[in-house]
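Report on the following structure.
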Amino acid sequence: MASDLRTRAVLAPTMLLLIGGVYWLDVHGTLGWRTGTLSAVVFALLGLAGVHEYITMMRKAGFAVSKNLLLVITAALLPSAFFFGWHQIDHELYPLVASTLLLLFPLALKSLRRDDMQKGLERQGATLLGFIFVAWPMFLAMGTCLRCLPSALYVVLVCKGGDIGGYCTGRLLGRTKLIPHVSPGKTIEGALGSLGASILLAVFLRGPLLDGQVEMSLVAALGVGALLNFTTQTGDLIESLLKRRCGAKDSSALLPAHGGVLDLIDSLLFSFCAWFPVLVVLT
């Protein structure tokens, strides 16, 4: 346990430095790209890696998932974000609809075959779940970067700050289990600490990051902080449910004492889905 804490103490600042470095390069246009492009590329890579981990985890547990089709459609969806302006939402969301149909229709046809009847519906559901749960949010995260880059960093810091606040509060004060049949380590005290951390960050970061780009009152910031924290904790719990159902401790062993890419982005999945319509309304 002490070793895990030391690893996390090194890993967390390193990740924050990497996030800060990518953001700085993107804001200053160091690479000569459109603002937000570098951050969007990072989200695209995280999305592909997350989908791959989802497929591996589910298939190891015996679930029928269409590996090649899901990877191909994800790889087609995410780069399509770069072909749109994202400032006036018109055609930008069409790829979500089209790619979902391109994913589901072949699976539905295949399930009509006699030898596929036993697992056809399961394959449709499990494949579609991975696409909507991982690929959709990363596409919207990319759109957020290309529409208003500072707001993407705002979401990441509010959500990850909630994660850290919840972890620290849970370690220090956690006594009452939150939902032990899904995640035995999570406590109500930790959940409340996470909520408080996200709300504080949502209030204090709105000036430095969003001033002049997104008009957000104090009341709105309080609401956004609560909303993002709710989706942060929900994403974390849903991914915990998936891992528990699959008998896996982590989505992969990529990051020491942390897990895989899916473990890294789980708190952002529902959060970017919730934030994107808020961003559109506020801007």
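Restricting segment 17-55 to residues that are small (Gly, Ala, Ser) and surrounded by 16 or more Cβ atoms within 10 Å (Cβ to Cβ), which is nearest to Cys246 (Cα to Cα)?
Of everything passing the filter in segment 17-55, Gly50 is nearest to Cys246 (Cα to Cα).
Cβ-Cβ under 6 Å, sequence separation 6+ or interchain: first residue in segment 182-196 and closer than 12 Å to Cys168 by Cα, partner in a helix (DSSP H, G or I) and aliphatic (A, V, I, L, M). Which pairs?
Qualifying pairs under 6 Å: Glu189/Leu173.
For segment 197-222, what are the residues that are touching a residue at least 12 places away in the same chain (Cβ under 8 Å) and either closer than 17 Å to Ser267 by Cα or of a type outside the set (A, V, I, L, M) (or both)?
Result: Ala197, Ser198, Ile199, Leu201, Ala202, Arg206, Gln213, Glu215.
Every residue, every condition in (1) more than 18 Å from Asp263 (Cβ to Cβ); (2) in a helix (DSSP H, G or I); (3) modelled with pLDDT under 90, yes or no:
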residue: Tyr167; (1), (2), (3): no, yes, yes
residue: Gly185; (1), (2), (3): no, no, yes
residue: Ile199; (1), (2), (3): yes, yes, no
residue: Ala202; (1), (2), (3): yes, yes, no
residue: Ala226; (1), (2), (3): yes, yes, no
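Looking only at segment 169-183, which residues are over 22 Å from Val224 (Cβ atoms) and assigned to a helix (DSSP H, G or I)?
Correct list: Gly170, Arg171, Leu172, Leu173.
Ser252 passes all but one of (1) in a helix (DSSP H, G or I); (2) out of contact with any Phe, Trp or Tyr (no Cβ under 7 Å at 6 or more places or on another chain); (3) of a type in the set (S, T, N, Q); which number fails?
(1)
Condition check: touching a residue at least 40 places away in the same chain (Cβ under 8 Å) and more than 19 Å from Val156 (Cβ to Cβ). Does Ser240 satisfy that?
yes
Go through segment 122-152 and give me each residue that's free of Cβ contacts under 8 Å to residues at least 40 places away in the same chain and in contact with a helix residue (DSSP H, G or I) (Cβ under 9 Å, 6 or more places away or on another chain).
Gln124, Leu128, Leu129, Ile132
Among the candidates Leu149, Leu128, Leu153, Leu104, which residue alone is modelled with pLDDT of 90 or more, under 21 Å from Thr234 (Cβ atoms), crowded, with 16+ Cβ neighbours inside 10 Å and out of contact with any strand residue (DSSP E or B) (no Cβ under 9 Å at 6 or more places or on another chain)? Write out each step before concluding.
On the way: Leu149 fails: under 21 Å from Thr234 (Cβ atoms); Leu153 fails: under 21 Å from Thr234 (Cβ atoms); Leu104 fails: under 21 Å from Thr234 (Cβ atoms).
Every option except Leu128 fails the conditions.
Looking only at segment 22-46, which residues are over 21 Å from the mean Cα position of the chain (by Cα), more than 18 Å from Leu157 (Cα to Cα) and of a type in the set (A, V, I, L, M, F, W, C)?
Leu31, Trp33
For segment 157-198, give me each residue that is among the β-branched types (Val, Ile, Thr), out of contact with any Asp or Glu (no Cβ under 9 Å at 6 or more places or on another chain) and surrounded by fewer than 22 Cβ atoms within 10 Å (Cβ to Cβ).
Filtering segment 157-198 down to residues among the β-branched types (Val, Ile, Thr) leaves 158, 164, 169, 176, 179, 182, 187-188.
Still in the running and out of contact with any Asp or Glu (no Cβ under 9 Å at 6 or more places or on another chain): 158, 164, 179, 182, 187-188.
Residues satisfying the conditions are Ile164, Ile179, Val182, Ile188.
Give the number of residues within segment 244-264 that are surrounded by fewer than 21 Cβ atoms within 10 Å (Cβ to Cβ) and either under 17 Å from Gly62 (Cβ atoms) or among the small types (Gly, Ala, Ser) (or both).
Going through segment 244-264 one residue at a time, the tally reaches 9.
Name the residue, out of Pro79, Pro13, that is surrounded by fewer than 19 Cβ atoms within 10 Å (Cβ to Cβ) and modelled with pLDDT of 90 or more.
It is Pro79.
Residues Arg245, Arg171: which one is under 21 Å from the mean Cα position of the chain (by Cα) and more than 24 Å from Val278 (Cβ to Cβ)?
Numbers: Arg171 fails: under 21 Å from the mean Cα position of the chain (by Cα).
Checking each option against the conditions leaves just Arg245.
The values are calculated or read from the model by the stated rules, or taken from the named source; none is laboratory data. Given the structure is predicted, the values throughout are model-derived calculations rather than measurements. Note: ideal-geometry Cβ built from the backbone for every residue, glycine included; neighbour counts use all protein chains shown.
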